[in-house]
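Read through the structure below, which is laid out as structure tokens, and then see the notes.
The values are calculated or read from the model by the stated rules, or taken from the named source; none is laboratory data. What you see is a predicted model; the values in this text were computed from it and never measured. Positions of Cβ are backbone-derived with ideal geometry, glycine not excepted, and every protein chain shown enters the neighbour counts.
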Amino acid sequence: MQSDDSKKDKNKSSLWSNLPEAIKAIAAIITAIGGLAGLILALNEIGALDQFKPTPIPTQTPIPEYGWAVYYEFEMDEYFWKPGVKSYQIIADCPGTDFDIDKRIEFSVDENAQLFPNNVVEFHFNGILSPNKGEPKLSSINPKQKTKIVLGYANISLEQATQTVNECQAQAVINDKSTAQLSPIGPTPEK
């Protein structure tokens, strides 16, 4: 019969004799994990894993309570305005709003006036704005210029903007003769 000491020696020798195989097995597992991680990184680098990434949910920027606007417009192509002294007047009937516009603007149409070929010149209730920011208002336009008459009602609540679209009537009197209906655009978030 074997003594307890010989059993311990046999167990010791089997542990030490199997240790190199255990180390080799652990090294193989580590190598496999490293190879798999390298493969995942390479696939991610070339975009092969993009289809498995969750699509981010866009977050909407909240619109402030008084961050809405309504615009009324009437567009005119080139040569709408013939050379000479012309005028326009914006008239708005908007129940429950502070629109009190009744100002007639005179301007000249001159073939020598600056042409803004890539822009539409805007006629507002207080004058003709230059498309070049910071420049003074225009007193004349070129007959080849595209133009539009614009009335804006900004910094209002969504409720006020909706009411304005539903109830407001905006018109432009052109050259003291014809009347053009301005079409509402909005409500839109203020820019």
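With respect to the conditions (1) within 27 Å of the chain's Cα centre (by Cα); (2) over 24 Å from W81 (Cα atoms), E167 falls short on a single one, namely (1). Against the conditions (1) within 14 Å of G186 (Cβ to Cβ); (2) surrounded by fewer than 12 Cβ atoms within 10 Å (Cβ to Cβ), A154 satisfies every one except (2).
G127 passes every criterion in (1) more than 17 Å from L182 (Cα to Cα); (2) surrounded by fewer than 18 Cβ atoms within 10 Å (Cβ to Cβ); (3) of a type in the set (G, A, S); (4) at pLDDT 90 or above apart from (1). Each residue in the range 134-154 was checked for being over 22 Å from I91 (Cβ atoms) and in a strand (DSSP E or B), and 1 pass. Checked against (1) farther than 17 Å from K148 by Cα; (2) of a type outside the set (S, T, Y); (3) at pLDDT 95 or above, V109 passes all but condition (1).
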